[in-house]
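Chemist: Take this structure, written in structure tokens, and hold onto it; I'll ask about it next.
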Amino acid sequence: MATTGAHGEMPHDPEDDMPLAELDARARADAALRRIRAGADPTREAFDLANTMNDEGIGRLTSALQRWFRRWPRRE
């Protein structure tokens, strides 16, 4: 957890500027909490976090299904 600076402000974390898709789940959640504490809209942060996690889940499911279907011989 980040501590406040000398004047009570939250120090800048480089992860806050990275796209959510480039961070792991814990880092995404930490970055969202830091932005909320800094005054960001909690609803927007929760939506972005859930949307990114959903995209990852769908991507993993799609990849697994593609691998599974490639195992089956094609019928002509």
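The values are calculated or read from the model by the stated rules, or taken from the named source; none is laboratory data. Computed from a prediction, not measured in an experiment: that's the story for all the values here. Using ideal geometry, Cβ is built from the backbone for each residue, glycine included, and neighbour counts are taken over all protein chains shown. For the accessible areas, the whole protein counts, side chains as well, though only heavy atoms, and no ligand, DNA or RNA atoms are used. Shrake-Rupley method; radii C 1.70, N 1.55, O 1.52, S 1.80 Å.
Chemist: In the range 20-37, what residues are at pLDDT below 85 and open to solvent by 70 Å² or more (accessible area, probe 1.4 Å)?
Modeler: Ala21, Glu22, Asp24, Arg26
Chemist: State which residue pairs qualify: first residue closer than 17 Å to Ala31 by Cα and inside the range 43-57, second residue at pLDDT 90 or above and in a helix (DSSP H, G or I) in any location, beta carbons under 6 Å apart, and separation of 6 or more residues or different chains.
Modeler: Glu45/Ile36
Chemist: Ala40: open to solvent by less than 60 Å² (accessible area, probe 1.4 Å) and not in a helix (DSSP H, G or I), yes or no?
Modeler: Values: open to solvent by less than 60 Å² (accessible area, probe 1.4 Å): yes; not in a helix (DSSP H, G or I): yes.
Yes.
Chemist: Still on this structure, please answer the following. Taking into account only those residues within the range 43-76 that are assigned to a helix (DSSP H, G or I) and of a type in the set (D, E, K, R), which is surrounded by the most Cβ atoms within 10 Å (Cβ to Cβ)? Full working, then the answer.
Modeler: So in the range 43-76, the residues assigned to a helix (DSSP H, G or I) come out as 43-70.
With the extra rule that they be of a type in the set (D, E, K, R), the set shrinks to 44-45, 48, 55-56, 60, 67, 70.
On the way: Arg44: 12, Glu45: 19, Asp48: 16, Asp55: 12, Glu56: 14, Arg60: 10, Arg67: 9, Arg70: 8.
Among those that are assigned to a helix (DSSP H, G or I) and of a type in the set (D, E, K, R), it is Glu45.
Chemist: Based on this model, can you work out whether Asp16 counts as at pLDDT below 85 and acidic (Asp, Glu)?
Modeler: Working: at pLDDT below 85: yes; acidic (Asp, Glu): yes.
Yes; evaluated as a whole, the condition is true for this residue.
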